[in-house]
Amino acid sequence: MKTQIMRRLMAGAAALAMPIAANAADLEVTHWWTSGGEANAVQELAKAFEAKTDHKWVDGAIAGSGNTARPVIISRIIGGDPMAATQLNHGKQAQELIEAGLMLDLTDIAEEGNWAEIIQPKSLLDACTVDGRVYCVPLNIHSIQWMWTSNAAFEKAGIDPVNNWEELKAAAPKLREAGILPLAMGAQGWQEAYLVHNFLSGTSEDLYYAVYRDKDEDTLNSDAVKAVFEELNAARDMYAGGNVQDWNLATAKVINGEAAAQVMGDWAQGEFALAGQKAGEDYNCLIGMGGEPSISTGGDAFYFPLIDNADTTAAQKELAKVLISPESQVAFNLKKGSLPVRGDVDLAAAGPCMQKGLETLAAGKVITGTDQLITPDAVGQIQDLMAEFFGSDMSTEDAHAAFVEIILNDE
Amino acid sequence: MSVTDHARAPARRPRRLISNPMAKIAALPMIMTALVIFIGCSLWTVVHSFTKSKLLPSTQFVGFDQYERLWGTRRWLASVENIAIYGVVALVFSLVLGFVIAALMDQKVRAEGAFRTIILFPYSLSFIVTGLVWQWILNPDFGVQGIVRGWGWESFTFDPLHNPDTVLAAMLMAGLWQGTGLVAVILLAALRGVDEDIWKASRVDGVPAWKTYIFVVIPILRPAFMTATVLIATGIVKLYDLVVALTNGGPGIASEMPAKYVYDAMFNKQNLGQGFAASTMMLVSVLLILIPWAIFEFGGKKRG
């Protein structure tokens, strides 16, 4: 009797073990794409992954912006409970994790797929490379140098749509009269910091690099940088009375025509698309505050934490291949509003704003994102400074002096 | 203090360490936890606050650099100022309001159980929920201002959350609403322990009730006040979730708090050293208050 039971148990165990051996894996993927347009886009990746492989995409969306999600993601990796794949921004955010040996080396996949040739611009792959090894898959190019304007708002105020920041500034009193907020913005430091970056890059590429890359003291104290802080002062008046926190609520004000403009990354386009609005007809986009059109090539990348399980590792590598495939690139980026990372895909369906971005990219007007030039520490301090500046009556001189100090002390 | 006490004490002392070994063994895990987790980790944090740790802890020592930067940062200075104001006002108001509520409920009111439940109820909500509720109440479009304007008083303005000068008052409102009930219930329980004869005696002597409360009852309630004070004080030092839910530190940095600075430095700015320095300052300030108080309260005299 006893042996029989044992035998049955053994058979049962073997039967249970079988499906595990047939290497279909559940991959938990964490990301912070939770607004309507974003969630729509990430769905495309999950669909492609499950259609092309036997594995399962377990969605681990973390609500809130990157500032909420990133600590969760990093503490899980450091704390020994890694997810199978995760979104992070290119740049210095993951460098220490890679140096600590916590991330999966993707070099063999990258060589097999000839990533060095297909990924455009090259800086994206460089951002994933540490000591000649590749550790992440660049997914899209996000640029923050955009200003979105609502045609309906200008119509209501009886003025022509504006083509640059100066015109918007001039139109502000009339917009106020018509009960329209000239500039919509979420009252969070990271959104307000975009204004600084964009005024700098919109003035000229040289100024932008002299500030963030060279950290040149003379440039930092020059009139050009001081002028940027004067513009910020004007922006503070134009945004008074906004009273929203989240970027997509600010975008909603532009979509509804309650506000005239918003300075926000290209992901705002996903919200316009979700609301059924068309670029050129319902809304317009300006690069670099209507000044010099340069775009940064920051963006999202997928990192794969090292997991000690051969099946999971194999599945992680398959996911990496799916993410970089032309079909996923097109499907995802069309919904997301971002630009694809490979130059060889067909984007005939792209709208005028995405075309504008692609043209800028093709013309080589590409700048390195601030995430790659200064440390997260400095980025955070600039955000704190802007939160303070926009939330109080801090003088432009004080704000400028504090900004100079942050940049000069950054290592 | 009798003669026998003195005579017995020296004889008992040597046996103390080994007496009742089972109880000591049972307590060992807790003792280890206290040593390793509370003291060990605190020391580790203090040591690393003198390093250049970024995303991961490092042992590259930089002296007092992190502290210099900390005390040169406007956001930290604002946080310290905010918690000082919030702390003092919250402490005073919750004790005073709590005592008044407790004294009123002690007047043998009808349906006291119902009142007690209503007053304690906010304490059962987390700070996150409290913060969200008050964010809605104080929101100018949907909350009090919106409702009063809806009644026809068009010029009515009540928007404390978006004004740097009043945002702390709004936070106090939410904090007191949540925390006063507990103080009231603790003090009410203590009031019930006050001997009825004291009241009778003071009535016979013709002492007014308010004088009896201040000069007789409050001194008797001292232990209960101490318990309430410690509970409120710990709540103030760790204040984090209420800020995050109610204002997220805004407008600007007008409602930032030290605990939020620590979190942001460690996890958003990926600067552990800076976060450790800030949390060490929090620890130091707690010790500065706690040690003199502990000496005053427990030092010197033995009770029982």
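The values are calculated or read from the model by the stated rules, or taken from the named source; none is laboratory data. No experiment lies behind these values; they were computed from the predicted model shown. Every residue, glycine as well, gets a Cβ built from its backbone with ideal geometry; the counts of neighbours run over all protein chains shown. SASA here: full protein model, heavy atoms, side chains in, ligands and nucleic acids out. Shrake-Rupley method; radii C 1.70, N 1.55, O 1.52, S 1.80 Å.
If you take just the helices (runs of 4 or more DSSP H) that sit entirely in segment A:287-382, which of them hold at least 2 residues that are closer than 30 Å to B:ILE253 by Cβ? First the steps, then the outcome.
On the way: elements: A:310-324, A:326-336, A:352-362, A:370-373.
In segment A:287-382, the matching helices (runs of 4 or more DSSP H) lie at A:370-373.
Exactly one of (1) within 14 Å of chain A (Cβ to nearest Cβ); (2) in a helix (DSSP H, G or I) is unmet by B:GLU256. Its number?
Among (1) within 14 Å of chain A (Cβ to nearest Cβ); (2) in a helix (DSSP H, G or I), the lone unmet condition for B:GLU256 is (2).
I'm told A:GLN316 meets every condition in (1) within 14 Å of chain B (Cβ to nearest Cβ); (2) modelled with pLDDT of 90 or more; (3) open to solvent by less than 20 Å² (accessible area, probe 1.4 Å) except one. Can you identify the failing condition by its number?
Only one criterion is unmet by A:GLN316, namely (1).
Inside segment A:131-190, can you point out the residues that are assigned to a helix (DSSP H, G or I) and of a type in the set (D, E, K, R)?
A:GLU155, A:LYS156, A:GLU166, A:GLU167, A:LYS169, A:LYS174, A:ARG176, A:GLU177
Let me confirm something: among B:LEU191, B:LEU231, B:LEU239, B:LEU187, which residue is of a type outside the set (Phe, Trp, Tyr), part of a helix (DSSP H, G or I), surrounded by 13 or more Cβ atoms within 10 Å (Cβ to Cβ) and modelled with pLDDT under 90? It would help to see each step written out before you state the result.
Values: B:LEU191 fails: modelled with pLDDT under 90; B:LEU239 fails: part of a helix (DSSP H, G or I); B:LEU187 fails: modelled with pLDDT under 90.
Just one listed residue meets the conditions, B:LEU231.
Quick one: B:GLY273 ticks every box in (1) in contact with a Gly (Cβ under 6 Å, 6 or more places away or on another chain); (2) buried (at least 21 other Cβ atoms within 10 Å of the Cβ); (3) in a helix (DSSP H, G or I); (4) within 14 Å of another protein chain (Cβ to nearest Cβ) except a single one, so which number is it?
(1)
Cβ-Cβ under 8 Å, sequence separation 6+ or interchain: first residue in segment A:176-193 and touching a residue at least 40 places away in the same chain (Cβ under 8 Å) and more than 14 Å from every other protein chain (Cβ to nearest Cβ), partner open to solvent by 30 Å² or more (accessible area, probe 1.4 Å) and not in a helix (DSSP H, G or I). Which pairs?
A:ILE180/A:GLU258; A:ALA184/A:GLU258
Tally the residues that are open to solvent by less than 20 Å² (accessible area, probe 1.4 Å), more than 14 Å from chain B (Cβ to nearest Cβ) and over 30 Å from A:ALA363 (Cα atoms), restricting the search to segment A:90-106.
Result for segment A:90-106: 2.
What are the pairs, 6+ residues apart or on separate chains, where a residue within segment B:51-73 that is of a type in the set (Val, Ile, Thr) has its Cβ under 6 Å from a residue that is surrounded by 14 or more Cβ atoms within 10 Å (Cβ to Cβ)?
From residues that are of a type in the set (Val, Ile, Thr), the pairs are B:THR51/B:SER58; B:THR51/B:GLY273; B:THR59/B:THR51; B:VAL62/B:LYS52.
For segment B:109-137, give me each residue that is under 18 Å from the mean Cα position of the chain (by Cα) and of a type in the set (S, T, N, Q).
Matches in segment B:109-137: B:SER124, B:SER126, B:THR130.
Filtering segment A:376-411 down to residues that are among the small types (Gly, Ala, Ser), out of contact with any Gly (no Cβ under 8 Å at 6 or more places or on another chain) and open to solvent by 30 Å² or more (accessible area, probe 1.4 Å), which residue is farthest from the other protein chains (Cβ to nearest Cβ)?
So the residue we want is A:SER395.
If I filter segment A:59-77 for residues that are away from chain B (no Cβ under 14 Å) and either of a type outside the set (Gly, Ala, Ser) or more than 17 Å from the chain's Cα centre (by Cα) (or both), do I get at least one hit? Quick ask: steps written out before the conclusion?
Filtering segment A:59-77 down to residues away from chain B (no Cβ under 14 Å) leaves A:59-61.
Next, from what is left, pick out any that are either of a type outside the set (Gly, Ala, Ser) or more than 17 Å from the chain's Cα centre (by Cα) (or both): A:59-60.
Among the residues of segment A:59-77, at least one is away from chain B (no Cβ under 14 Å) and either of a type outside the set (Gly, Ala, Ser) or more than 17 Å from the chain's Cα centre (by Cα) (or both), which makes the answer yes.
Could you run through segment A:196-234 and say how many residues are open to solvent by less than 60 Å² (accessible area, probe 1.4 Å), free of Cβ contacts under 8 Å to residues at least 60 places away in the same chain and either assigned to a helix (DSSP H, G or I) or touching a strand residue (DSSP E or B) at 6+ places or on another chain (Cβ under 8 Å) (or both)?
The number of residues fulfilling the criteria is 7.
For segment B:155-171, how many residues are open to solvent by 20 Å² or more (accessible area, probe 1.4 Å), more than 12 Å from chain A (Cβ to nearest Cβ) and farther than 11 Å from B:GLY249 by Cα?
Adding up the residues that qualify gives 6.
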